[in-house]
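The values are calculated or read from the model by the stated rules, or taken from the named source; none is laboratory data. Predicted model, so just to flag it, every value in this text is computed and none were measured. All Cβ positions, glycine included, derive from the backbone under ideal geometry; neighbour counts span all protein chains shown.
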Amino acid sequence: MGAGVEKTVESGRRGGAPLQLCALGPMSLSRGGVALKLPSSRKVRALLAYLALAPHAVGRSQLCELLWDVPNDPRGELRWSLSKVRGLVDEPGRKRVDTQGNAVRLDLADCFVDAIEVERAAQQGVAGLDPPRLRALAALFKGDFLEGLEIDRSPAFDAWLTAQRRRLRACHAAILEQLVGQTSDDDVFGYLDAWLALAPFDQRVHELLLEALARRGRIREGEEHLAATARAFEAEGLDVAPLREAWRAAREKITPRIPVAPAMSAASNTDAAAAASPRRASIAVMPFDDRGAGTIRGGSADALAHDLITRLAKLRSLFVIAQGTVFALHERNIGPQEAGRMLNVDYVAGGTLQRRGKQLTVSIELTETRTARVVWTEVYSQTMDDALAVLNEIGDKIVAAISSEIETIERNRAILKPPSSLDAWEAHHRGLWHMYRFNRADNDQAQRFFATAVRLDPTFARAYAGLSFTHWQNAFQGWAERERETERAFEAAGQSLMADDRDPAAHWAMGRALWLQSSHDQSIIELERAIDLSPNFAAGHYALAFVHSQVGDPGAAINYSDHSRHLSPFDPMLFAMLGARAMALVRLGKLVEAADWGVKAAARPNAHAHVQAIAMYCVALAGRHEEARAYLASIRKTIPRYRVDDFLSAMQFGPDDAELFRKAAKDIAG
């Protein structure tokens with residue numbers, strides 16, 4: 001099999017590359033299939049590898065800090081090392097080391113680098129690769145990344161090397177997991193053994209190995225493996241009950257009448273109860289590496305991780321691994337991806353924190369555990385006049401981004417599954433996908449999926465909140481009789497609160513339903529409760545902006561609108577956040593500014609007729625009548641008889657403010 005795999009790789013990118021750099025194992029470099037002798041200097045080889053994987057040009061000072069422990073002449077040593085790298089990679093007419101200005105870049109665009117090939121595949125998604133491609137990628141791993149290239153007294157390089165090794169091991173495990181799922185013959189055991197060596201505490205690989213052994217009747221081997229694994233798991237404080245249940249289920253498939261030991265039955269009952277509990281996407285937030293604190297714990301990096309865990313838990317939409325567990329794993333030098341597999345979570349977040357003078361820089365990435373795909377990454381850099389305030393602001397952005405990214409991924413994943421196969425969690429996210437289309441047909445579809453979710457799980461607060469939203473839309477958009485839909489929105493919101501009165505979405509749904517009933521003060525109380533429960537709940541801040549923009553404090557509406565956009569800048573409700581701001585500005589008499597914000601709201605791709613109308617009336621009040629008439633023509637393509645009364649009956653302005661919009665309608669008609 002190995003020769004065939006190598007041939008597959010050779011016929012691809014590697015075959016036509018003038019240079020081939022292999023870093024997955026002991027480092028090697030070849031040109032045209034002929035191995036080149038690498039310099040004896042570890043730092044030259046480390047410099048070559050670092051530059052090869054760097055996505056951008058790297059500053060000379062950063063390279064000096066990376067590899068030289070305050071030598072007499074770090075710049076001189078860097079120049080000497082770069083000359084050695086040039087001798088390896090440059091060719092006549094093709095210079096690959098670019099040292100223009102104060103930065104260094106290694107251009108290997110036409111070359112083959114095995115680690116980059118794996119990273120590229122992981123980023124595209126290994127789940128979509130066919131078996132030949134997966135086997136080719138798996139064959140690239142000849143050992144650990146840059147095996148044997150540790151450098152004494154170079155902590156920055158060691159930190160980079162450790163991070164790269166962890167990341168590439170996770171990619172290797174994800175590739176092997178896909179191969180196991182696509183292999184039916186005895187070759188599967190080779191992939192399982194390799195996966196076990198990489199991730200000995202990954203529950204999933206043990207389950208699959210036990211299933212494979214049971215299918216082939218190798219019961220004794222399965223019993224021995226389970227016993228050895230149980231000892232290892234218990235020594236690490238990990239729960240072995242799910243593996244016992246997996247082995248029992250695997251044996252029952254081939255011998256249904258086999259007796260089950262009482263202790264195993266007890267474990268089975270416990271696990272069956274756990275399996276019946278509502279499913280949520282799960283996440284582990286690992287402690288951040290503090291690049292300026294060495295091995296000292298308890299500083300800003302740990303505080304940020306603790307804050308993120310607490311805030312994400314308050315959202316109630318995710319299962320969040322507790323702080324004690326992730327910190328304990330981190331203390332044992334277990335990286336984010338490996339921890340994610342040990343904890344059997346869907347997502348893992350981790351990153352670094354670094355201070356330079358008054359500048360605080362936080363980098364973070366969110367990874368899908370099973371595919372090792374980085375689904376979101378960001379770098380935040382701010383001046384640190386007030387450390388707590390800066391960490392709080394960065395925490396706001398991170399939590400909102402993580403929850404939004406995961407919701408988007410789960411929605412997109414659910415839409416690809418057959419409706420009959422959805423569980424409650426997936427049906428809820430399928431409902432969200434339709435809900436955010438903001439048209440009548442999709443709203444009806446969303447309602448059906450939310451109804452399915454609460455039927456499958458009557459304790460699912462967020463599904464009731466989604467159901468309430470669809471009834472709210474029917475009332476607001478005039479798609480069904482308003483009074484009846486208002487009652488249904490209120491009833492579903494009440495069921496959401498009964499299911500979980502600590503879920504901010506439940507109070508959000510109730511606040512919106514109360515607004516429909518014109519109970520404005522009570523509506524604001526419920527919405528404020530939503531953001532008290534979770535200050536990062538962007539939808540709650542927007543809903544407060546919406547209510548205040550019409551019947552409350554317009555200045556507060558602007559603040560809430562701005563904060564909701566700050567928390568969720570790519571939110572599917574962004575058009576509404578902008579529209580609420582525009583309506584508040586009209587009430588403040590800032591008509592030119594209101595027109596600009598109204599136009600921004602209407603430009604969003606999912607902006608419905610009432611949002612288009614906000615733009616239309618705002619630009620009319622600003623004296624831009626021809627532009628307003630163009631909006632009216634656009635609205636009437638979908639709603640031929642749309643009038644100002646349709647707009648005002650949907651909203652709840654006071655008499656004086658309503659008269660402003662009636663004036664705008666007359667100016668448009670005029």
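Are any of the residues in segment 406-416 among the acidic types (D, E), in contact with a strand residue (DSSP E or B) (Cβ under 7 Å, 6 or more places away or on another chain) and surrounded by 15 or more Cβ atoms within 10 Å (Cβ to Cβ)? Can you show your working first?
Looking only at segment 406-416, we keep the residues that are among the acidic types (D, E), and these are 407, 410.
Filter once more, so that each one left must be in contact with a strand residue (DSSP E or B) (Cβ under 7 Å, 6 or more places away or on another chain): none.
Taking every residue of segment 406-416 in turn, none turns out to be among the acidic types (D, E), in contact with a strand residue (DSSP E or B) (Cβ under 7 Å, 6 or more places away or on another chain) and surrounded by 15 or more Cβ atoms within 10 Å (Cβ to Cβ).
Looking at segment 328-344, which of its residues are buried (at least 17 other Cβ atoms within 10 Å of the Cβ) and over 27 Å from H429 (Cβ atoms)?
Passing the criteria: L329, H330, I334, G335, E338.
Return only the number of the condition from (1) at pLDDT below 95; (2) touching a strand residue (DSSP E or B) at 6+ places or on another chain (Cβ under 8 Å) that C22 does not satisfy.
That leaves (1) as the condition not met.
Determine which member of the set A556, A580 is surrounded by fewer than 22 Cβ atoms within 10 Å (Cβ to Cβ), under 33 Å from the mean Cα position of the chain (by Cα) and assigned to a helix (DSSP H, G or I).
A556
Which residues, taken from segment 499-515, are touching a His at 6+ places or on another chain (Cβ under 9 Å) and under 28 Å from F661 (Cα atoms)?
Going residue by residue through segment 499-515, those that are touching a His at 6+ places or on another chain (Cβ under 9 Å) are 501, 513-514.
Listed by number, the residues that qualify are A513, L514.
Could you check segment 83-131 and list, in sequence order, the residues that are assigned to a loop (DSSP other than H, G, I, E, B), closer than 30 Å to I409 by Cβ and among the β-branched types (V, I, T)?
Answer for segment 83-131, where residues must be assigned to a loop (DSSP other than H, G, I, E, B), closer than 30 Å to I409 by Cβ and among the β-branched types (V, I, T): there is none.
Is one or more of the residues making up segment 534-541 surrounded by fewer than 24 Cβ atoms within 10 Å (Cβ to Cβ) and farther than 21 Å from F450 by Cβ?
There is at least one residue in segment 534-541 that is surrounded by fewer than 24 Cβ atoms within 10 Å (Cβ to Cβ) and farther than 21 Å from F450 by Cβ.
With the structure loaded, tell me whether G181 is modelled with pLDDT of 90 or more and either in contact with an Asp or Glu (Cβ under 8 Å, 6 or more places away or on another chain) or in the same structural domain as A127 (by TED's automatic domain parsing) (or both) or whether it fails that test.
In short, no.
Can you tell me how many residues in segment 625-651 are surrounded by fewer than 16 Cβ atoms within 10 Å (Cβ to Cβ) and in a loop (DSSP other than H, G, I, E, B)?
Counting residues in segment 625-651 that are surrounded by fewer than 16 Cβ atoms within 10 Å (Cβ to Cβ) and in a loop (DSSP other than H, G, I, E, B) gives 3.
Kindly indicate which of D444, D521, D532 is more than 27 Å from G552 (Cα to Cα), part of a helix (DSSP H, G or I) and acidic (D, E).
None of the others qualify; the one that does is D444.
Take the residues in segment 525-550 that are in contact with a Ser or Thr (Cβ under 9 Å, 6 or more places away or on another chain) and hydroxyl-bearing (S, T, Y), then tell me which one is farthest from A582 (Cα to Cα).
Among residues in segment 525-550 that are in contact with a Ser or Thr (Cβ under 9 Å, 6 or more places away or on another chain) and hydroxyl-bearing (S, T, Y), the one farthest from A582 (Cα to Cα) is Y542.
What tally of residues in segment 191-220 results from selecting those that are assigned to a helix (DSSP H, G or I) and within 29 Å of the chain's Cα centre (by Cα)?
Adding up the residues that qualify gives 13.
Among the residues of segment 362-402, how many are among the polar types (S, T, N, Q) and buried (at least 17 other Cβ atoms within 10 Å of the Cβ)?
Residues in segment 362-402 being among the polar types (S, T, N, Q) and buried (at least 17 other Cβ atoms within 10 Å of the Cβ): 4 in total.
If you go through segment 172-221, how many residues are more than 16 Å from N344 (Cβ to Cβ) and either of a type in the set (F, W, Y) or in contact with a His (Cβ under 6 Å, 6 or more places away or on another chain) (or both)?
Within segment 172-221, residues that are more than 16 Å from N344 (Cβ to Cβ) and either of a type in the set (F, W, Y) or in contact with a His (Cβ under 6 Å, 6 or more places away or on another chain) (or both) number 2.
Of the residues R512, R484, R462, which is basic (K, R), within 27 Å of I635 (Cα to Cα) and buried (at least 24 other Cβ atoms within 10 Å of the Cβ)?
R512
Take the residues of segment 132-177 that are polar (S, T, N, Q) and not in a loop (DSSP other than H, G, I, E, B): which is farthest from V188 (Cα to Cα)?
T162
Results for (1) modelled with pLDDT of 55 or more; (2) in contact with a Leu (Cβ under 9 Å, 6 or more places away or on another chain); (3) more than 23 Å from V180 (Cβ to Cβ), shown as yes or no for each residue.
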site	(1), (2), (3)
A227	yes, no, no
D239	yes, no, no
W247	yes, yes, no
T255	yes, no, yes
A267	no, no, yes
S277	no, no, yes
T295	no, no, yes
